[in-house]
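Read through the structure below, which is laid out as structure tokens, and then see the notes.
Each reported figure results from applying straightforward, stated rules to the coordinates on display, with no laboratory input. As the structure is a prediction and not an experimental result, all values here were calculated from the model. Virtual Cβ from ideal backbone geometry, glycine too; neighbours counted across all protein chains shown.
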Amino acid sequence: MDAKERMKLEPVPMPELEVSERLSSFAEVNLGYSEQDTQAEAERCLQCKKAPCREGCPVDVDIPGFIALIREGSYAEAGLKIKRTNVFPAICGRVCPQERQCQERCVLAKRGKAINIGYLERFVGNYLIAHPEEQINAAPATGKRVAVVGSGPAGLAAAGDLAKLGHQVTVFEALHRPGGVLVYGIPEFRLPNITVDNELETLRRLGVEIRTNVVVGRTLTIADLREEMGFAAIFLGLGAGAPIFLGIEGENLPGVMSANEFLTRVNLMRAFDEDYDTPVQRGRNVTVIGGGNVAMDSSRCALRLGADSVTLLYRRTRAEMPARVEEVRHAEEEGVIFELLVAPTRFLGEEGHLTAVECLRMELGEPDESGRRRPIPLPGSEFIVATDQAIIAIGARVNPSARLVMPGMEQDDGGHIIVDRETLMTNIPGVFSGGDVVAGEETVIRALSDGRKAAQAIDNYLRSK
Ligand code: FAD
Ligand code: SF4
Ligand code: SF4
């Protein structure tokens with residue numbers, strides 16, 4: 001088939017759960033490509049020599065290379081090719097904001113027909129999970145021990161690469177379940193926990209030990225890790241999990257909560273599952289404040305927990321929403337009402353419980369430091385939205401407890417750990433860091449990329465000793 005014929009082929013849509021079936025369960029909405037779908041989608045790729053799609057990928061996955069292997073039916077080889085730069089294709093295929101990364105740069109994007117790179121990546125990622133024998137084995141043991149603190153994507157990527165390089169790795173996680181945001185934040189209907197557990201299993205097969213319920217800085221100190229337990233290097237992947245609040249009147253009313261608390265109860269502590277007795281508020285008329293993935297996840301969870309209505313308040317327009325396009329579409333299909341160009345000004349209560357949120361309409365002004373047009377309040381445009389549960393999803397910051405982890409470690413005013421850009425080493429020799437605790441709220445693939453970069457730097461550091 002020549003390029004002209006390939007360009008005529010239509011993109012293969014992702015099979016999805018019917019909307020009517022979605023709201024009664026937390027089952028995954030995207031059902032995944034069949035082998036036939038995968039072949040049909042791979043067939044559309046033009047195998048561009050310069051491959052601009054690669055420039056859009058933060059970790060430079062060899063996209064035409066893995067798609068060519070898919071066409072040959074060499075799925076394990078395709079997966080291993082991706083794994084050279086992205087350790088978790090089954091996860092990134094599901095959660096990367098592809099429309100702003102690899103797919104945005106695809107030469108077919110201008111025609112609205114970008115190759116569905118994420119869907120193909122997910123297929124081969126799943127294939128590798130189903131065929132664990134195809135995974136890369138660890139190098140001979142070096143006898144060096146490395147501690148990884150935090151089991152989000154940054155920590156897990158660092159752990160995996162360090163283990164492959166032959167080091168003995170122990171991951172310490174504060175929560176009872178490893179995975180960081182992948183398990184406590186992103187809901188089952190987007191990223192099933194089983195997918196994360198399967199990737200964790202791959203790490204365990206490489207010899208990585210994962211110890212949960214250990215808060216480094218409290219249960220154990222860095223000094224314990226180094227001096228008593230003999231870890232020669234440490235990677236800190238602590239994330240940025242402390243919620244940001246609006247700071248407006250009535251925010252302490254019962255019924256107002258952070259998305260972090262709501263999602264943790266629902267996802268990590270499985271409040272949606274009858275077999276668990278985790279308490280969670282099931283609001284009737286829920287309001288969610290924010291326009292990112294966290295806001296979409298909260299809205300869609302609230303609908304699944306039985307809300308009559310979920311209204312999302314966002315102070316800019318749909319075009320500025322930071323959420324993945326697919327999540328916005330799914331939220332809308334499922335019935336989330338979008339109130340755009342709106343900001344809450346105070347929460348109102350009766351008899352000690354939230355009953356409404358007062359809002360102000362906005363218009364867009366000049367771009368601000370984020371590059372997005374600044375919302376400007378329209379005086380006198382106040383209106384009231386009746387609500388019995390408000391979920392605040394306007395962002396997160398580094399947990400102040402990160403300061404306790406390592407006394408003397410340099411952090412900026414926002415608590416972000418300061419590292420050398422090349423090596424990701426902190427000011428404390430042998431202690432490295434990456435992911436959201438360094439960069440602020442970012443993406444899974446950026447955290448994975450930091451973990452890998454740090455693993456290489458830690459290996460160099462250990463070998464130079
Ligand atoms: P985290 O994933 O936050 O993991 C940090 C881990 O460290 C946690 O498990 C924490 O318990 C542990 N920890 C912290 N302190 C200690 C300590 N002292 N001792 C031991 N353990 C400790 N990104 C995308 O690319 N696509 C998406 O669709 C997407 N959706 C998101 C949805 C939600 C609800 C949220 C909250 C974020 C989302 N993100 C998404 C962002 C992405 O998940 C993060 O950028 C990424 O998880 C950061 O990885 P990390 O490893 O740095 O930190
Ligand atoms: Fe695209 Fe993410 Fe895969 Fe890179 S890792 S190719 S950005 S889906
Ligand atoms: Fe294939 Fe698009 Fe990349 Fe070209 S730019 S190699 S068509 S995915």
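Tabulated results
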quantity: For region 152-168, 3J(HN,Hα) per residue [Karplus equation, 6.51 cos²θ - 1.76 cosθ + 1.60, θ = phi - 60°, Hz, x = Gly/Pro]; calculated: x, x, 5, x, 5, 5, 4, 4, x, 5, 5, 5, 4, 7, x, 8, 8
quantity: Region 312-374 and region 244-308: distance between their alpha carbon centers, rounded to Å; calculated: 16
quantity: Estimated dipole of the chain in Debye, rounded to 20 [Cβ of Lys and Arg +1, of Asp and Glu -1, Cα centre]; calculated: 1420
quantity: For region 3-130, convex hull volume per residue from C-alpha positions, Å³; calculated: 113
quantity: Two-decimal Rg/Rh across region 344-423, once Rg and the Kirkwood Rh are taken from alpha-carbon atoms; calculated: 1.16
quantity: Global size of the chain as Cα Rg and Dmax, reported in angstrom; calculated: 22.8, 70
quantity: Equivalent ellipsoid semi-axes - Cα gyration tensor, region 78-127, angstrom; calculated: 20, 10, 9
quantity: Estimated dipole of region 244-395 in Debye, rounded to 20 [Cβ of Lys and Arg +1, of Asp and Glu -1, Cα centre]; calculated: 380
quantity: Sequence-separation-based contact order of region 3-130, relative, with Cα cut under 8 Å and 6+ spacing, percent; calculated: 28
quantity: Helix-derived mean residue ellipticity, 222 nm - over the chain, DSSP H n ≥ 4, -39500 (n - 2.57), to 500; calculated: -9000 deg cm²/dmol
quantity: Highest to lowest packing among 57-66, 292-301, 374-383, scored as the average C-beta count within 10 Å; calculated: 292-301, 57-66, 374-383
quantity: Built amide H within the under 5 Å cut-off of A390, gap 5+; calculated: V256, M257, T287
quantity: Vicinal HN-Hα couplings computed from phi for region 2-14 (Karplus, 6.51 cos²θ - 1.76 cosθ + 1.60; Hz; Gly/Pro x); calculated: 8, 4, 4, 5, 4, 5, 7, 5, 8, x, 8, x, 6
quantity: Cα-based shape type of region 244-395, given that a ≥ b ≥ c are square roots of the gyration tensor eigenvalues and the cut on a/c is 1.5; calculated: oblate
quantity: DSSP bridge pairs, the chain: antiparallel proportion in percent, nearest 5; calculated: 40
quantity: Calculated SAXS-style log₁₀ I(q)/I(0) at q = 0.19 Å⁻¹ - region 58-201, Debye, Cα scatterers; calculated: -1.20
quantity: Region 12-91: trypsin sites (Lys or Arg not before Pro) in DSSP coil with no more than 16 other Cβ atoms inside 10 Å; calculated: K49, K50, R84
quantity: Among 151-163, 452-464, 204-216, the order from most to least packed when residues are scored by Cβ within 10 Å on average; calculated: 151-163, 452-464, 204-216
quantity: Region 377-465: translational diffusion in µm²/s, Stokes-Einstein, Kirkwood Rh over Cα pairs, 37 °C, 0.692 mPa s; calculated: 209
quantity: Distance violations [Cα-Cα > 24 Å] among K83/K164; K83/K113; K49/K453; K164/K465; calculated: K83/K113; K49/K453
quantity: For L312, distant residues with modelled amide H under 5 Å away; calculated: V288, I337, F338, E339
quantity: Ranked by how many other beta carbons lie within 10 Å on average, peptides 180-188, 336-344 from highest; calculated: 180-188, 336-344
quantity: Selection from P400, L175, V208 lying farthest towards where the dipole of the chain points positive, charges on Cβ; calculated: V208
quantity: Residues with amide H under 5 Å from that of N399, placed H, sequence gap 5 or more; calculated: G241, A242
